[in-house]
Amino acid sequence: MGTEGHADGTVGKALDVLDLVASYGRPVRFSEVLENAIYPKATLYRFLQTLTHQGMLAYDADRQTYSLGVRLVRLAHAAWAQSSLAPLARPYLDELASQTGETIHLAQMDQGQVLYVDKRNATRPVDMFSQAGKVGPAYCTGVGKAMLAFMPAEAVSAAVARQSFHRFTQQTLDSPEKLMAELAAISARGHAFDREEHEPGIICCAVPILSRSGKVLGALSVTSTTSRTNLQALEGHAATIKDCAARIAAEAENWRFPEQN
């Protein structure tokens, strides 16, 4: 396949390759990357070499594998400190976890997907997909829908276009039409639910974190399981979650946190 047409030029193509290597979640050989790359062999090799020289990737000559480079750790730490809500939200998450005894998620929107930036485990921890640093779908998670419901129409359209609408469970909203109807209900209600839409047995109540001007900074949720509680009980925490979200938003603006669409 040709290399023409990438809106962000060479830098965008190189980042595509970096994302591809990262997607394996393990060291990967050139032949494996080539199988899924959209670039010709020579072009792909050139990008991998450049990324390795820049410390974004590391190459193990003995195993002949590529993995994410140490430079990314430094950049990730800087991004977490400068652009993530996590550092300033820490005490509020601790308080909310203590009040509810349930799992607490803090998330932000990243290219139409949910980026989990912090998490507090429940008093009785539950194994689930979400972990700080993981990216999840926006259309079938409480935090994702809470953010989408309060984003500008243009941003929502762009984000919806990025959703796969894969049906993870029988409850998953599997079309743009169903999602948009849900977002309207969330906007009117002020909080969102995950009704076992991403993982069986996992439910949550989530609220957006909004700046004074109404821009979405992130989202906050209280998450539990159907074996332990129900949506009605989780909704009982809605006022508490909203208060926590408001305090995080105020803290963010005090520190001049960059507003994000």
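Just so you know, all these numbers are worked out from the coordinates, no wet-lab data involved. Since we're looking at a predicted model, the values are computed, not measured. So basically every Cβ, Gly included, is an ideal-geometry build from the backbone, and we count neighbours across all protein chains shown.
Points to keep in mind about this one:
- Separation between Cα centres of region 60-75 and region 189-261, rounded to whole Å: 36
- Shape call, region 16-59: gyration tensor on alpha carbons, a/c limit 1.5: oblate
- Listed from fewest to most Cβ neighbours within 10 Å, the set 244, 140 follows the order 244, 140.
- A crude spin-label estimate for the pair residue 211 and residue 131, with each label 7 Å from Cα along the Cβ direction, gives 3.2 nm.
- Packing rank of 16-28, 211-223, where each peptide gets the mean count of other beta carbons within 10 Å, highest leading: 211-223, 16-28
- Within the chain, helix-based [θ] at 222 nm, where runs of 4 or more DSSP H residues each add -39,500 (n - 2.57), nearest 500: -13500 deg cm²/dmol
- Cross-link check: pairs 178/242; 13/119; 13/215; 145/215; 119/178; 134/178 evaluated at a Cα-Cα cut-off of 23 Å; pairs beyond the cut-off: 178/242; 13/119; 13/215; 119/178; 134/178.
- Angle in degrees between helix 41-53 and the longest Cα principal axis of the chain, rounded to the nearest 10: 70
- Exposure proxy ranking, count of Cβ atoms within 10 Å, fewest first, for 209, 241: 241, 209
- Shape class for region 20-126: prolate, because the ratio a/c of the largest to smallest gyration tensor axis (alpha-carbon atoms, square roots of eigenvalues) is 1.5 or more and a/b beats b/c.
- Taking a ≥ b ≥ c as the square roots of the eigenvalues of the Cα gyration tensor, the chain is classed as prolate, since a/c reaches at least 1.5 and a/b is larger than b/c.
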